[in-house]
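Participant: I'd like to ask some things about the structure below.
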Amino acid sequence: MSELEVIKLALGKNVDSASWDLDGWVILLKDSRLRSLKISRRLVGISFDWEWHFVTPLIIREVVDDSGGQLYREMKRREVQIRRRGIFRYSYEWVTSELLSKVFPDVAPVDDLMIRLNRNNQLLRLLKRSVVDELHVNTYFDLTGASSPDDALRKHYESPKMIGWLITAIKGPGSEWRFGPIVKRIYELLDFLAGELIEFTRELESRALNL
């Protein structure tokens, strides 16, 4: 069975269409909180091991006005990622994004989203079930017209083109032996997380309008 056939079988009725895009499969989704999911395989360093990247954009608003720019910058302060502990039985904790402090050292992080996700028992169960190695929630950006990823991040911060999140999950070497179940479990994790982010962002937007 081909890689794409395994992906389609794992995602079942949620698959609308699939196409190849440079380095991975882009799956357009239906009956889902996610519009699309890109699944790509990448070499780990200079080794012969592979890791799988699952990337999904979660667009909240496509038209950006002054209030949208304000919302985007408030979202930026809340970027998070997971910290995984353990060897055989993993535990997970949401922490502030390392990318935020690296690229935007002057932007003070806010911990309300981090606290909310850490208190969500269903989300933590899905994390343990998926056994992901990394999971990042950053504000949406694309690389068009930028000289580097960091430059793209800064451009979108100053003048965002879309309001949304970019969610990236990474599963390390060895995944090919049970790739189908891994795809299904990571999709379920990302779909649930998307619902939580949509609800949080709506609440944040309501608060931001009153700042």
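The values are calculated or read from the model by the stated rules, or taken from the named source; none is laboratory data. These numbers were taken from a predicted model, which means no experiment stands behind them. Glycine also receives a Cβ, built like all others from the backbone with ideal geometry; neighbour counts cover every protein chain displayed.
Participant: Just to be sure, is Ser40 small (Gly, Ala, Ser) and without any contact (Cβ under 8 Å) to a residue 24 or more places away in the chain?
Facilitator: yes
Participant: Which of the numbered conditions does Glu74 fail, given that it passes all the others? Conditions: (1) acidic (Asp, Glu); (2) in contact with a helix residue (DSSP H, G or I) (Cβ under 7 Å, 6 or more places away or on another chain); (3) buried (at least 17 other Cβ atoms within 10 Å of the Cβ); (4) part of a strand (DSSP E or B).
Facilitator: Tallying (1) acidic (Asp, Glu); (2) in contact with a helix residue (DSSP H, G or I) (Cβ under 7 Å, 6 or more places away or on another chain); (3) buried (at least 17 other Cβ atoms within 10 Å of the Cβ); (4) part of a strand (DSSP E or B), Glu74 fails exactly one: (4).
Participant: Right, next: In the set Phe179, Phe141, which member is touching a helix residue (DSSP H, G or I) at 6+ places or on another chain (Cβ under 6 Å) and part of a helix (DSSP H, G or I)?
Facilitator: It is Phe179.
Participant: Out of region 129-140, which residues are buried (at least 17 other Cβ atoms within 10 Å of the Cβ) and in contact with a strand residue (DSSP E or B) (Cβ under 7 Å, 6 or more places away or on another chain)?
Facilitator: Answer for region 129-140, where residues must be buried (at least 17 other Cβ atoms within 10 Å of the Cβ) and in contact with a strand residue (DSSP E or B) (Cβ under 7 Å, 6 or more places away or on another chain): Val132, Leu135, His136, Val137, Asn138, Thr139, Tyr140.
Participant: Going through region 110-128 one residue at a time, which ones are outside any helix (DSSP H, G or I) and in contact with a strand residue (DSSP E or B) (Cβ under 8 Å, 6 or more places away or on another chain)?
Facilitator: Asp111
Participant: Filter region 46-69 down to residues that are at pLDDT 90 or above and surrounded by 14 or more Cβ atoms within 10 Å (Cβ to Cβ) and give me whichever is nearest to Glu203 (Cα to Cα).
Facilitator: Result: Ile60.
Participant: Quick one: how many residues across region 20-37 are without any contact (Cβ under 8 Å) to a residue 60 or more places away in the chain, under 16 Å from the mean Cα position of the chain (by Cα) and part of a loop (DSSP other than H, G, I, E, B)?
Facilitator: Looking only at that region, the number is 1.
Participant: Does Glu93 fit the bill of being buried (at least 18 other Cβ atoms within 10 Å of the Cβ), at pLDDT 95 or above and among the acidic types (Asp, Glu)?
Facilitator: Judged against the criteria, Glu93 is not a match.
Okay, residues lined up against (1) over 19 Å from Pro160 (Cα atoms); (2) of a type outside the set (S, T, N, Q):
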{"position": "Ser36", "(1), (2)": "yes, no"}
{"position": "Leu58", "(1), (2)": "no, yes"}
{"position": "Arg89", "(1), (2)": "yes, yes"}
{"position": "Arg119", "(1), (2)": "yes, yes"}
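Participant: I need the full set of residues from region 77-97 which are of a type in the set (S, T, N, Q) and touching a helix residue (DSSP H, G or I) at 6+ places or on another chain (Cβ under 9 Å), in order please.
Facilitator: Gln81, Ser91, Thr96
Participant: Hey, among the residues in region 73-103 that are touching a residue at least 40 places away in the same chain (Cβ under 8 Å) and touching a Ser or Thr at 6+ places or on another chain (Cβ under 6 Å), which one's farthest from Thr201 (Cα to Cα)?
Facilitator: Only one residue fits best here, namely Gln81.
Participant: For a quick check of your reading of the model, give me the residue pairs whose first member lies in region 147-168 and is in contact (Cβ under 8 Å) with a residue 12 or more places away in the chain, whose second is basic (Lys, Arg) and in a strand (DSSP E or B), with beta-carbon atoms closer than 9 Å and at least 6 apart or on different chains.
Facilitator: Close Cβ pairs (under 9 Å, with a partner that is basic (Lys, Arg) and in a strand (DSSP E or B)) amount to Met162/Arg61; Ile163/Arg61; Gly164/Arg61.
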